[in-house]
Amino acid sequence: MNHLKTTVLLSVFLITNTTYAELVTYQYDDGTCEVNNKYDNKKFTKKQLDDTIFLSQSVYGLKIDKDNIRTPPSPNEINKLNLGYQDSLRKFQNLDIPKIPKYQQLKKIALTQLKQEHQLNMYQAKSFENPKILLTKEYGDKCYAIAQKLNAKGKNMNLETFLDYQDEWINCVINVRPDHAIEIEKLKINTNKDLFVKSEADCDY
């Protein structure tokens, strides 16, 4: 009798805790293909899928939306740079990413890219007023040497010459920073396989 009672209770437990997963259609355009997928709504929410696909599509070459700085910026323009960074940072921090290690790592990479991009933007903006700000060893000897050449010209340097040195310094920094593209490639991101039960795509090629 006790054995029968245990069996019945176990059966009830399994039935109530193994609710059938509902496969839900999820469609999106990745720029090349019209994708028509099915996902298990017991594993992921639609917001998680929206956020994860947005992250995977935007993380390559992530930039903060800003105007090109070619003249000394006003305090208001510098403030706009900070606000733009804070807005972008909040957007990525608030992404609801599933607890899948490689996607959590992808989010960390995106946040690191934003921080690096903002740091470079601020160096660029503030160097018009104070070129010595570029005299940092953070990016190695080559970039430091370019900053030294810029500062050696003094305040009599015309804007065009200043911009040439500034561009050279910025390109140097970009070249010596960690290549996040390589790090991303190692994660082997494939949202169609990682997030969906079934995936179909109608592609242009």
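The values are calculated or read from the model by the stated rules, or taken from the named source; none is laboratory data. All figures in this text were calculated on a predicted structure; none of them were measured in a lab. Because the Cβ atoms are built from the backbone with ideal geometry, glycine has one as well, and the counts that use them run over all protein chains shown. For the accessible areas, the whole protein counts, side chains as well, though only heavy atoms, and no ligand, DNA or RNA atoms are used. Shrake-Rupley method; radii C 1.70, N 1.55, O 1.52, S 1.80 Å.
Residues being in contact with an Asp or Glu (Cβ under 6 Å, 6 or more places away or on another chain) and part of a helix (DSSP H, G or I): count how many of those fall in the stretch 156-205.
Of the stretch 156-205, the ones in contact with an Asp or Glu (Cβ under 6 Å, 6 or more places away or on another chain) are 197, 202.
From the residues that got through so far, the ones that are part of a helix (DSSP H, G or I) too are none.
Of the residues in the stretch 156-205, 0 are in contact with an Asp or Glu (Cβ under 6 Å, 6 or more places away or on another chain) and part of a helix (DSSP H, G or I).
Figure legend. Inter-residue proximity from the stretch 30-43: first residues under 16 Å from Lys193 (Cβ atoms), second residues modelled with pLDDT of 90 or more and part of a loop (DSSP other than H, G, I, E, B), beta-carbon distance below 7 Å, spacing 6+ or different chains. Indicated pairs: Asn37/Phe196; Lys38/Phe196; Lys38/Val197; Tyr39/Phe196; Tyr39/Val197; Asp40/Val197. One residue stands out among those in the stretch 134-185 that are among the β-branched types (Val, Ile, Thr) and open to solvent by less than 30 Å² (accessible area, probe 1.4 Å): the one that is nearest to the chain's Cα centre (by Cα), which is Ile184. If the condition is being polar (S, T, N, Q) and within 15 Å of Gln57 (Cα to Cα), then the stretch 97-123 contributes Gln104, Gln105, Gln113. Going by the structure shown, is Glu34 modelled with pLDDT under 95 and assigned to a helix (DSSP H, G or I)? So Glu34 fails the test. Does Gln113 qualify as being open to solvent by less than 30 Å² (accessible area, probe 1.4 Å) and either touching a His at 6+ places or on another chain (Cβ under 9 Å) or part of a loop (DSSP other than H, G, I, E, B) (or both)? Yes; evaluated as a whole, the condition is true for this residue.
Considering only residues of the stretch 20-75 that are surrounded by fewer than 12 Cβ atoms within 10 Å (Cβ to Cβ) and acidic (Asp, Glu), which is nearest to Lys99 (Cα to Cα)? My answer is Glu22.
Gly84 passes every criterion in (1) open to solvent by less than 90 Å² (accessible area, probe 1.4 Å); (2) within 12 Å of the chain's Cα centre (by Cα) apart from (2).
Considered as a group, the residues in the stretch 122-133 that are open to solvent by less than 90 Å² (accessible area, probe 1.4 Å) and over 29 Å from the mean Cα position of the chain (by Cα) include one that is farthest from Glu77 (Cα to Cα), and that residue is Pro131.
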